[in-house]
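Scroll down for the structure; my scribbles are underneath it.
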Amino acid sequence: MAQPSIEPVTAETLPEFAAFLHANLSAARSPETWIDALRKSWGMTPPNHGFVLRDAGKIVGGIGAYYAQRTIKGQAQRLCNITSWCVLDAYRKQSMRLAMTLIGQKGYHFTDFSPTQVVGGVLQFLKFRPLDERQAVMINLPWPALGSELLTRAADIEQALKGDALRAYRDHAVFPWLRHVLIGTPDNWCHVIYKLARFKGLPSAHIYYLSDAAIFEQHNCRLARYFILRGIASTHVECRFLSRQPWPSKIRSGFIAKVYLSPTLSDGDIDYLYSETMALDL
């Protein structure tokens, strides 16, 4: 019996892959929503939108991909973020072939920010490295915030940022589930991207990007004040984004570690910009 074939997801086959994901991974997202999400790329023309397994003409599995070209430490880097990995039960043995086809593409750094425990184990077997999964949880209080400023209006943020920082804001401002705020002082801003969620039944802010940890740590009292005055009880930020544990805070752990594969980048170079974490309302 012949093995299922593996082929790239092209613009022409993306609707078929989107229908497969709608039927087998998340019916809450319509095929049109899947198409819109997976066709995104940044700074480059993507080589594909992932890869699919095909048997007897039908898609029986697939793995999506987001591509971006970014400047990291002054160097142009190409990144591929793995997303929406779904294989029908009868074809699970083919999952490794699918993953190896994707990461066999030359010239990319690879990330997976939502692996299951099994997928994370498979990727670490393929030499992916785990990221620190611990989170600092801070209770928001109306701290005094003298000397700190905070910007939330799009026009103010656009005026304050320049270059790559402005480009990152514009590229991510299109996603309605993301919230943006700048904290700091004029010419010394930290761009914070967060999503609203709930923790212990109360509104919470989960931070997914900090452009400058030092500025955040210096001015996070201003952000805590902003949050609590809007009924947001706690702030959650991954410890790997910070240079030290905030005070007061509590560390939560036991999450499934995100993973990455790169010959040159280190943990501190990996963030969630231009990935499924931002592009999908997870």
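The range 74-117 gives an Rg/Rh value of 1.05, both radii derived from C-alpha positions and Rh following Kirkwood. Using the empirical formula 2.2 N^0.38 Å as the baseline, the Cα radius of gyration of the range 214-279 reaches a ratio of 1.34.
Rounded, prolate or oblate: pick one for the range 167-282, where a ≥ b ≥ c are the square roots of the eigenvalues of its C-alpha gyration tensor, a/c under 1.5 means rounded, and failing that, prolate if a/b is larger than b/c, else oblate. Here the range 167-282 falls in the rounded category. Beta bridges from DSSP with both residues in the range 1-101: antiparallel share about 90 percent, rounded to the nearest 5. Just so you know, the Rg over Rh for the range 123-167 is 1.21, from Cα atoms, with Rh as the Kirkwood radius. When the helices of the chain are scored as -39500 (n - 2.57) per DSSP H run of n ≥ 4 and the total is divided over every residue, the value at 222 nm lands at -7500 deg cm²/dmol. The trypsin sites (Lys or Arg not before Pro) of the range 48-80 that meet both conditions, a loop assignment by DSSP and at most 13 other Cβ atoms within 10 Å of the site Cβ, are Lys73. Here the accessible area of the range 1-57 is 55 percent carbon and sulfur, with a 1.4 angstrom probe and all protein chains present. Is the shape of the chain rounded, prolate or oblate, going by the alpha carbon gyration tensor and its root eigenvalues a ≥ b ≥ c, with a/c under 1.5 for rounded and a/b larger than b/c for prolate? Prolate shape, in that a/c is at least 1.5 and a/b is the bigger ratio. To put it simply, the accessible area of the range 210-274 at a 1.4 Å probe is 50 percent carbon and sulfur. Couplings for the range 219-226, taken from phi via the Karplus curve 6.51 cos²θ - 1.76 cosθ + 1.60 with θ = phi - 60°, read 10, 5, 4, 5, 5, 4, 5, 4 Hz in order; Gly and Pro are left as x.
How compact is the range 1-154 by the rule of thumb for globular proteins, expressed as Cα Rg over 2.2 N^0.38 Å?
Working it through for the range 1-154, the quotient is 1.28.
Legend: distances between Cα atoms for Lys58/Lys93; Lys127/Lys258; Lys106/Lys258; Lys200/Lys250; Lys58/Lys106; pairs beyond 20 Å are Lys106/Lys258; Lys58/Lys106. The residues of the chain expose, per residue, 50 Å² of accessible area to a 1.4 Å probe. Excluding same-chain neighbours fewer than eight residues apart, the aspartates and glutamates reachable from Lys73 by a Cα-Cα span under 19 Å are Asp164, Asp212, Asp267, Asp269, Asp271. Listed peptides 197-206, 166-175 appear in the order 166-175, 197-206 once ranked by packing, highest mean of other Cβ atoms within 10 Å at the front. For the range 213-282, chymotrypsin sites (Phe, Trp or Tyr not before Pro) meeting the loop criterion (DSSP other than H, G, I, E, B) and having at most 11 other Cβ atoms within 10 Å: Phe255.
The values are calculated or read from the model by the stated rules, or taken from the named source; none is laboratory data. Please read these numbers as outputs of a predicted model, since none were measured by experiment. Ideal geometry is used to build each Cβ from the backbone, glycine not excepted, and the neighbour counts take in all protein chains shown. These area figures cover heavy atoms from the full protein model, side chains too; ligands, DNA and RNA do not enter into them. Shrake-Rupley method; radii C 1.70, N 1.55, O 1.52, S 1.80 Å.
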